[in-house]
Amino acid sequence: MKEFHGISASPGIVISTAFLYNEDSFSIPCYSIKEEDIEGELTRYHKAIQEASEELTDLKKKITDEHSQEEARFLDSHILMLHDPMFKDQVFERLKKDLFNIEWVAQSVIQDYIQKLNASGDQYLRERSMDINDVSKRIINNLLMRKRISLADLSSEVIIVTPDLLPSDTLLMNKWLVKGIVMDAGGRTSHTAILARSFGIPAILGLRHITKEVADGDILIIDALKGIVYVNPDKETLLKYKKKKKEYLKRESELFNLSNLPSETRDGKLIHLKANIEVAEELDSVHAYNASGIGLFRTEFLVMQSGQEMDEELQYSAYIKVVKGMNGLPVTIRTLDVGGDKLINEIAQRDEKNPLLGWRAIRFCLERTDVFRIQLRAILRASAAGPVRIMFPMISGIEEFEKALKILKGVKRELRSEGIAFADEIPVGCMIEVPSAALTSDILARRADFFSIGTNDLIQYTIAVDRGNEKITSMYEPFHPAVLRLIKIVVDNAHDAGIPVGMCGEMAGDPMAAVILMGLGLDELSMSSFSIPEIKRIIRSTTILEAEEFLGTLMDMKSFKDIDHYVREWMEEKFEFITG
């Protein structure tokens, strides 16, 4: 028996046989060409691009017939990638310079792109390389006149084991027979992960080299709660997981029965549970888990997917799909949070010694007001279709917030003069993710309509721990006394000013943190949709008084290790199901 650990991208427990799917197992020829051959190679390249574009268009039509339009929406970005003029220019320049066949040149340019993305410290940006890989394989396959294997033709139940299952493969596969997905690459925000969650298929990604350790027909156990894959398990492990699977299905059924009940404490306080999303494909999951709205709609993907700044119509199209799709429930849209480790072309060209403390998020938008105004116009226009809130990221003090509000006011004036409808009283809030914002939250609360605490960055900046640095990840501690005290300051200042305060970082969806956040007084928690049932169960099993007493004990402790130990002991005793 072999055991592998990866990233739980879609929850569940599965026992089935392996189907090894490796689309990378073919070689690309390399041979020299003459200058007079360049035109012919370019003709081949343009033909392959056109064929790939037609394939994606046909696939989109086919998917739209069988599933929701939203699940195939990302294919639009793939079509845009195919026709990216910057990419075409690089291929042409490399072809003239190196004088190798077009397949080899195109693959070289593509690999340069992918290496740059993978070198980023940002998980979201690294995972966009999979979309580029998907598009590139279509081009290369067409150049080589090679037909891809289809996962639509499966004939028995399997767990797919693959280096990186491309989003288009995920859409085409036989979802009744694919019981699980195991991948070398990927993470929770990849399109494959999003689609796996949408289809309810358990998936573990980021396993690095598992494809080299698995053969067709091997028996696999996927524990996508803990992120563990067992290959050819022994009898004892197999029996154990058959029992665990039965218990998990029972528990899921019990949690599903909570979906229509309010997320209300035993003594009557309602805590809104909302969803974090990146793309409209996730709306099915949002509704399935009965989220009370979108607490964080990340908009960076609009820029990152195409590698260029999107125009107003493309942004408006994305926003209004989500706003209409939420059927009257509120949608909180975060303005562009690019920079730092979320690179776009313009930022990547700047030489910043410390990009995480540099030209990013609201700082980028306040300098590039042309980009900012386009986004604000698109958001405001979408607000005419349903309740929308605007949220500015990485606000460090009142000056930045006032500047952003002034630009928003100007955009509103502009839309009015053009006779374009929008919600004039749209709530505007700021993310609290910088210690300076937390410590001056009493000042910010006088101007903001709401706060949302972004714990991912707040923890990083408070403890001075780069969350992407594997050497010090053990120091990235949500229960550090400094973090808890800053959150308490923010909540108290918000409530003193009469505005609601939520949380949209990973801490919001952590079951171990749920009672702490109740005790701190959060009004709203926003998380991945599938985290909602478990958090709701904890809320409905606890009183605010109990949570406040629990928090009081923690606030008297001096060490985050002591706090962490006490929290786990207390929570596991009260909620046995969390230990998994």
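The values are calculated or read from the model by the stated rules, or taken from the named source; none is laboratory data. On a predicted model such as this, the values are computed, not experimentally measured, just so you know. Don't worry about glycine lacking a Cβ; one is built from the backbone with ideal geometry, like all the others, and counts go over all protein chains shown.
Among the residues of segment 462-478, is there at least one that is out of contact with any Lys or Arg (no Cβ under 9 Å at 6 or more places or on another chain) and at pLDDT 95 or above? No, segment 462-478 has no match at all.
With respect to Val515, is the statement that it is crowded, with 24+ Cβ neighbours inside 10 Å, in contact (Cβ under 8 Å) with a residue 40 or more places away in the chain and more than 24 Å from the chain's Cα centre (by Cα) true? Spelling it out, Val515 is indeed crowded, with 24+ Cβ neighbours inside 10 Å, in contact (Cβ under 8 Å) with a residue 40 or more places away in the chain and more than 24 Å from the chain's Cα centre (by Cα). Candidates in segment 518-553 are the residues that are of a type in the set (A, V, I, L, M, F, W, C) and over 22 Å from Asp267 (Cα atoms); of these, the one that is surrounded by the most Cβ atoms within 10 Å (Cβ to Cβ) is Met527. Do we find a residue being within 18 Å of Lys274 (Cα to Cα) and in contact with a helix residue (DSSP H, G or I) (Cβ under 9 Å, 6 or more places away or on another chain) anywhere in segment 454-470? For segment 454-470, residues within 18 Å of Lys274 (Cα to Cα) and in contact with a helix residue (DSSP H, G or I) (Cβ under 9 Å, 6 or more places away or on another chain): present.
Does Ile398 satisfy the condition of being among the β-branched types (Val, Ile, Thr), loosely packed, with under 14 Cβ neighbours inside 10 Å and over 24 Å from Asn276 (Cα atoms)? In short, no. Every condition in (1) closer than 19 Å to Phe199 by Cβ; (2) β-branched (Val, Ile, Thr); (3) modelled with pLDDT of 75 or more; (4) surrounded by fewer than 19 Cβ atoms within 10 Å (Cβ to Cβ) is met by Thr57 except one, and the failing one is (1).
Quick grid of which residues meet (1) surrounded by 23 or more Cβ atoms within 10 Å (Cβ to Cβ); (2) modelled with pLDDT of 95 or more:
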residue	(1), (2)
Arg368	no, no
Gly410	no, yes
Glu425	no, no
Ser436	no, yes
Asp442	no, yes
Phe450	no, yes
Thr455	yes, no
Leu458	yes, no
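Taking the numbered list (1) surrounded by fewer than 16 Cβ atoms within 10 Å (Cβ to Cβ); (2) part of a strand (DSSP E or B) in turn, Ile204 passes all entries but (1). Determine whether segment 477-484 contains at least one residue that is in contact with a Leu (Cβ under 8 Å, 6 or more places away or on another chain) and among the aliphatic types (A, V, I, L, M). Yes, segment 477-484 has at least one match.
Quick grid of which residues meet (1) of a type in the set (Asp, Glu); (2) at pLDDT below 95; (3) in a strand (DSSP E or B):
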residue: Val491; (1), (2), (3): no, no, no
residue: Gly502; (1), (2), (3): no, no, yes
residue: Ala508; (1), (2), (3): no, yes, no
residue: Val515; (1), (2), (3): no, no, no
residue: Leu525; (1), (2), (3): no, no, yes
residue: Ile539; (1), (2), (3): no, no, no
residue: Glu548; (1), (2), (3): yes, no, no
residue: Leu551; (1), (2), (3): no, no, no
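Do you know which of the residues in segment 315-329 that are in a helix (DSSP H, G or I) and of a type in the set (S, T, N, Q) is surrounded by the most Cβ atoms within 10 Å (Cβ to Cβ)? Restricting to residues being in a helix (DSSP H, G or I) and of a type in the set (S, T, N, Q), the top hit is Gln315. Picking from residues in segment 330-356 that are at pLDDT below 75, assigned to a loop (DSSP other than H, G, I, E, B) and of a type in the set (Asp, Glu), the one that is surrounded by the fewest Cβ atoms within 10 Å (Cβ to Cβ) is Asp351. Of the residues in segment 300-308, at least one is touching a Phe, Trp or Tyr at 6+ places or on another chain (Cβ under 9 Å), modelled with pLDDT under 90 and aromatic (Phe, Trp, Tyr). Considering the conditions (1) assigned to a loop (DSSP other than H, G, I, E, B); (2) crowded, with 20+ Cβ neighbours inside 10 Å; (3) among the charged types (D, E, K, R), Arg266 is excluded by exactly one of them, (2).
Checking Phe530, Phe575 one by one, the residue that is aromatic (Phe, Trp, Tyr) and over 24 Å from the mean Cα position of the chain (by Cα) is Phe575 and no other.
Taking (1) surrounded by 15 or more Cβ atoms within 10 Å (Cβ to Cβ); (2) of a type outside the set (A, V, I, L, M, F, W, C); (3) under 23 Å from Gly429 (Cα atoms) in turn, Gly498 satisfies each apart from (1).
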